[in-house]
Amino acid sequence: MIEWGPVLELLRHGTAGAFMLVGAIFMLIGSSGVLRLPDFYTRIHAAGITDTLATVLLLAGMMIEAGFTQTSAKLALVGIFLFLTSPTATHAVANAAHKAGLKPRLGTVEPPHPRDVDINEKKG
Amino acid sequence: MGYIATLALMLAALWLTLSGYFHNQLLLSLGGLSVVITVALALRMRILDDEAAPYYRAPRLLAYSVWLMVEIIKANLIVAKTILRPNMVLTPRMVRIKTLPASGFGRALFANSITLTPGTVSVDLDDDEVIVHAILKEMTNKNDFAEMARRCAWAAGEKADGEEEVSA
């Protein structure tokens, strides 16, 4: 007879870990986008990745790890509040830039390849 | 009456979730008291309307958020793929969207949904248009926005002709 309890427990920890790992990878992708993208408006989109998918994956991983407890309910509330507040904050920042007259770069934009970027160069 | 009951129930549920006290009678009665005070204040400020406690919209909003979540995941993967490419090619656009939900609630939901989806951000919102910044020109498809506007109007409880449904 196989004891199923420990196997399921292991599976739960594994799933939770996988969710959190993928969430962390998306956080990294979003951050690299914020660094690489050329102007304010395009950087907002990269920050959007960390706001939405990365956060959801991290919260889901933590909820699986916490199980059916009060902690999970609180994590779900964190998720709901983030989904209500983060677009509002993003819109406020973008709207402020637009009202202040910051012009977006339009057309086709090709940022330089990472190997061609001088990391010591000071940004204006 | 429905608004008062909904708000009181939601506040009580929130208090219990955050505190986790189910047996301490003093703390429970203090929690109940704070719920009563909050509802009384909301009544006195006359802010207790369908936007404060939109209980009859909850089922549709829930159904809509499931659809939105799928769209968010799809858009996330597209933007992530674009960012990770060493030779990044961006085609940023600013577009005006004219097809909007009729009600204020629907319009706010629409603008927030656009911002929540990575790759598009609502930059300005007027009575008759939303200005949207998109990172790729593929994301400015008119039909996609029309589809989202239609679903937002549905989730906000509007009928097809733009009239808001009246609920008792």
Task: Residue-averaged [θ]222 nm for chain A, counting only DSSP H segments that reach four residues, each worth -39500 (n - 2.57) - done: -24000 deg cm²/dmol
Open item on the list: Give me the three principal axis extents of the protein assembly as shown from the C-alpha atoms, as integers in angstrom, largest value leading.
Closed with: 67, 63, 40
Task: Coil-residue trypsin sites (Lys or Arg not before Pro) of the range B:37-92, DSSP, other Cβ within 10 Å capped at 16 - done: B:46
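For chain A, return all DSSP H helices satisfying: extent of Cα atoms along own axis at least 24 Å; mean Kyte-Doolittle hydropathy at least 1.0.
Length and hydropathy pass: A:4-36.
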TODO: Taking each pair of different alpha-carbon atoms in the range B:57-155 once, compute 1/r for the pair, average those values, and report the inverse of that mean as the Kirkwood hydrodynamic radius in Å to one decimal.
DONE: 13.9 Å
Open item on the list: Can you give the log10 of the normalised intensity I(q)/I(0) at q = 0.11, 0.12, 0.14 Å⁻¹, computed with Debye over equal Cα scatterers of chain B?
Closed with: -0.63, -0.71, -0.85
- [ ] Please tell me the relative contact order of the range B:57-155 in percent, rounded to the nearest whole number, where contacts are Cα pairs under 8 Å and at least six residues apart.
- [x] 35 percent
- [ ] Just add up the charged neighbours of residue A:46: K/R +1, D/E -1, any other residue whose Cβ is under 12 Å from the Cβ of residue A:46.
- [x] 0
Open item on the list: For a protection proxy built on the mean count of beta-carbon atoms within 10 angstrom, sort B:116-126, B:144-154 highest first, please.
Closed with: B:116-126, B:144-154
Task: Burial ordering of B:21, A:41, fewest other beta-carbon atoms within 10 Å first - done: B:21, A:41
Task: Cα-based helix-to-principal-axis angle, B:2-19 vs chain B, degrees rounded to 10 - done: 90 degrees
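What average count of beta carbons from other chains do you get within 10 Å of the Cβ of residues in A:47-59?
On the way: counts 2, 12, 9, 1, 5, 10, 9, 2, 0, 4, 2, 0, 0.
Per residue, the average neighbour count from other chains is 4.
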- [ ] Arrange A:68, A:19 by Cβ neighbour counts within 10 Å, fewest through most, would you?
- [x] A:68, A:19
Task: Cα centroid separation - the range B:1-64 against the range A:65-88, whole Å - done: 18 Å
Task: Cα→Cβ-extended label distance, 7 Å offset, between residue B:27 and residue B:77, nm - done: 4.5 nm
Open item on the list: Just checking the output field for B:76-86: average partner chain Cβ neighbours within 10 Å of each residue's Cβ?
Closed with: 6
TODO: Report, in degrees rounded to the nearest 10, the 0 to 90 angle that the Cα long axis of helix B:58-84 makes with the longest principal axis of chain B.
DONE: 40 degrees
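Considering every pair of different Cα atoms, what Kirkwood radius, in Å, is found for the range A:40-124? Please report the intermediate quantities before stating the final value.
Values: mean 1/r = 0.0622 Å⁻¹.
One over the average 1/r among Cα pairs gives 16.1 Å for the range A:40-124.
Would you tell me the mean number of C-beta atoms belonging to other protein chains that fall within 10 Å of each C-beta in A:24-37, as a whole number? Intermediate values should be presented prior to the final figure.
Values: counts 0, 1, 3, 0, 0, 6, 5, 1, 3, 8, 1, 1, 4, 6.
Mean shielding count: 3.
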- [ ] Rounded, prolate or oblate: pick one for the range B:2-44, where a ≥ b ≥ c are the square roots of the eigenvalues of its C-alpha gyration tensor, a/c under 1.5 means rounded, and failing that, prolate if a/b is larger than b/c, else oblate.
- [x] prolate
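Read-outs: derived from the displayed coordinates by stated rules, not from any lab. These numbers were taken from a predicted model, which means no experiment stands behind them. When we count neighbours, we look across all protein chains shown, and the Cβ atoms used for this are built from the backbone with ideal geometry, even at glycine.
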